[in-house]
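Undergrad: One structure follows; several queries about it will come next.
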Amino acid sequence: MTEAAVRTRALISPQADFWLLGGASLLSFFLYLTVLPYVDREFRKALPVIIITLSFVMSYPHFAYSYLLFYRGFTGRLFGEGTEFFSRIRHALAGIIVPAALAAYFAVTFHERDTSMVGWGYFVMLFTVGWHYVKQGYGVLITLSLYKGVFYGVWEKRALWINAYAVWLWSWAAANNALAAQVVDKNYPPGLYPSIPLPDWVVTYGGVFACITTLAAAAVVLAPWLEGEKKISVNAVVGYVSAIYMWVLMPRIDMMFYAIVPLFHGLQYLPFVYKFKREEFRKMTSARGAAAFTLLGLFAGAVLMEFFPKALDRNFGITGLSYEPKFYLTSFIIFINVHHFFIDAAFWRRDNKDVQNYLFKA
C-alpha cells in the first residue's frame, strides 16, 4: 500500500471522521461552557429537552445496529472451528448468559415489587457505561492509527489501555462517593439511589494514578511525532480524548453532560457500522440490503427503547415501585444498555474475522 493510500484511509472520510469521532463533542462542549450563558433564556430552558430527545433518537440505531451485527452469524462464531477459545467465551457471555441474567433479574424485580432492585439496575448501568465508553475510545485510537500507518507495540498499547481504565475507574469512584454523600445529606429513601461508599484514599490515589497514566499515554502518542516521524492520527487522538476524558469526566462539571454524552457516543459508533456494512454490501452488490439494514436499525431501536415498553407501562403498569408507572421503560433501557456493552466488547475485536475483513483490512 502506498503512503498516499495510507494517508487517505478512513471510516467515512478524514473530515467526517474528525467530527463524528469526537470533534463535534469538543466543539459543542466549548460552546456550551462559553457561549450558552449569553444566549436567549427561553432557549436555555428548552435546551435540556432538545438534548435528551436527540440523545434518545441517536440511541435507537446505535443499540439496534449492535444487535443486528452481533446476532447475525452468532452461532457460527460461537461454535465455529476457527473461533478462538476466549472469543467463544466472550460470545457465550454476551449472547446468552448476560441477557438471560438480566431477564431473570427484572423478572424477580417485577415479582417482588422491589424499588431497590431497580436502583441497583441503574447502578450497574452507570458503572458499566464508563467501561463501554473508554473501550470504544481505545478502539478508535488503535483503528484510526492503523489507518494512518501508526502501529503501537505491546507495551505502548498496554499503557494506552491502562490509562483508559484508570480514568474511568477514578471518575466512577469520585462520582459514587459524591452520590453517597448526597443521598445521606438529602435523606433519600433507602435503595432509590444505591452506591458503594469507598474510603477517601481510594479516590485520592485513583486520581493520582489516572494523572500518571495520562502522562504515559501522552508520551506514547506523541513520541513518533516528537522524534520527527510526523506520524500521528489527529482523528484517532480526538476519538480517544473525547471518549476517555470529555465523556467520562465532563459530567462532573455539569449534569447536562450526562444527557448529551450518549448523543456523541452514538455518533462515534456509526462510522464503524458504516465502514463495516459498506464493505460487506459492496462485495454483495446489494443496495437494497444496505437500505433495509439502515431502516431496520431505526425502527427496531425506537420500538424496543420507547414504543413497546411505554405501551406495556400504559396497559400493564404495576404499583408499589417509586419508578411506577415506568417500570417497563426503565427495565428495557437498563437491559438494552448493559447488554449492548457486553455485545460490543465481544464483537468489535481482531479475533472476529468479519471485523478483520470489513474494518481493519478494508
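The values are calculated or read from the model by the stated rules, or taken from the named source; none is laboratory data. Because the structure is predicted, anything quoted here is derived from the model rather than measured. Glycine gets a Cβ as well: all are built from the backbone with ideal geometry, and neighbour counts include every protein chain shown. The area values use the complete protein model at the heavy-atom level, side chains included, leaving out ligands, DNA and RNA. Shrake-Rupley method; radii C 1.70, N 1.55, O 1.52, S 1.80 Å.
Undergrad: What is the spin-label model distance, in nm, from Ala178 to Gln356 if the labels are put 7 Å beyond Cα along the C-beta direction?
TA: 4.4 nm
Undergrad: 7 Å from Cα along Cα→Cβ at both Ile12 and Ile253: what's the point-to-point distance in nm?
TA: 2.5 nm
Undergrad: How many angstrom separate the Cα center of region 102-134 from the Cα center of region 29-61?
TA: So the separation of the two Cα centres works out to 28 Å.
Undergrad: Within the P(r) computed for region 1-125, what percentage of the Cα pairs occupies the region above 19 Å?
TA: Here the long-distance tail beyond 19 Å is 74 percent of all Cα pairs in region 1-125.
Undergrad: Counting only heavy atoms of the protein chains, get the accessible area per residue of the chain (1.4 Å probe) and round it to a whole Å² value.
TA: 52 Å²
Undergrad: Place the peptides 53-62, 253-262, 168-177 in order of packing, highest mean first, counting for every residue the other Cβ atoms within 10 Å and averaging per peptide.
TA: Ranking, from highest mean packing down: 168-177, 53-62, 253-262.
Undergrad: Net charge near Tyr138: determine it from the other residues with C-beta under 15 Å of the C-beta of Tyr138, scoring Lys and Arg +1 and Asp and Glu -1.
TA: For residues surrounding Tyr138, the net value is +3.
Undergrad: Give Lys231/Lys275; Lys231/Lys361; Lys275/Lys310; Lys135/Lys231; Lys45/Lys277 a once-over and call out the pairs whose C-alpha atoms are over 30 Å from each other.
TA: Lys275/Lys310; Lys45/Lys277
Undergrad: Roughly how far apart, in whole Å, are the Cα centres of region 329-357 and region 231-271?
TA: When both Cα centres are located, 18 Å separates them.
Undergrad: On to the next question. Lys/Arg Cβ at +1, Asp/Glu Cβ at -1, dipole of the chain taken about the Cα centre: which of Ala243, His339, Thr8 is farthest positive-ward?
TA: The residue sitting most towards the positive pole is Thr8.
Undergrad: I would also like to ask the following. Give, rounded to the nearest 20 debye, the magnitude of the charge dipole that region 196-303 has about its Cα centre when Lys and Arg contribute +1 at Cβ and Asp and Glu contribute -1 at Cβ.
TA: The calculated dipole for region 196-303 is roughly 600 debye.
Undergrad: Could you please report the charge total around Arg90, scoring K, R as +1 and D, E as -1 over all other residues with beta-carbon less than 13 angstrom from its beta-carbon?
TA: Overall, the nearby charge balance is +2.
Undergrad: If exposed GluC sites (Glu not before Pro) are those in a DSSP loop with at most 16 other Cβ within 10 Å, what is the longest stretch of the chain that has none?
TA: 85-226
Undergrad: A follow-up question, please. Compute the normalised compactness of the chain: alpha-carbon radius of gyration over 2.2 N^0.38 Å, N being the residue count.
TA: In units of the globular-protein estimate, the chain measures up at 1.03.
Undergrad: For Ile50 paired with Arg314, estimate the spin-label separation in nm (one decimal), with each label point 7 Å from Cα along the Cα-to-Cβ line.
TA: About 2.8 nm, to one decimal.
Undergrad: Right, next: Could you give the DSSP H helices of the chain that reach 18 angstrom or more along their long axis (alpha carbon positions) and whose average Kyte-Doolittle hydropathy is no lower than -0.5?
TA: Going by DSSP H runs, the hits are 41-71, 98-112, 115-148, 154-186, 200-226, 256-284, 287-302, 327-347.
Undergrad: Rounded to the nearest 20 debye, what is the charge dipole size of region 5-46 about its Cα centre when +1 sits on each Lys and Arg Cβ and -1 on each Asp and Glu Cβ?
TA: 80 debye
Undergrad: Reported to two decimal places, what Rg/Rh ratio describes region 35-94 when computed on Cα atoms with Rh from the Kirkwood expression?
TA: 1.39
Undergrad: Rounded to the nearest percent, how much of the accessible area of the chain (1.4 Å probe, protein heavy atoms only) is carbon and sulfur?
TA: Here carbon and sulfur together make up 69 percent of the probe-accessible area.
Undergrad: Roughly how many debye, to the nearest 20, is the charge dipole of the chain about its Cα centre, given +1 on each Lys and Arg Cβ, -1 on each Asp and Glu Cβ, and no other charges?
TA: Using only the charged Cβ atoms, the result is roughly 900 debye.
Undergrad: Okay, next question. With r defined as the distance between the Cβ atoms of Ala223 and Val202 and R0 fixed at 25 Å, what FRET efficiency is calculated, to the nearest 0.05?
TA: Calculated transfer efficiency: 0.20.
Undergrad: Let me ask something additional. Would you kindly compute the Cα radius of gyration of region 237-296 and its largest Cα-Cα separation (Dmax), both in Å?
TA: That works out to 16.0, 48 Å for Rg and Dmax.
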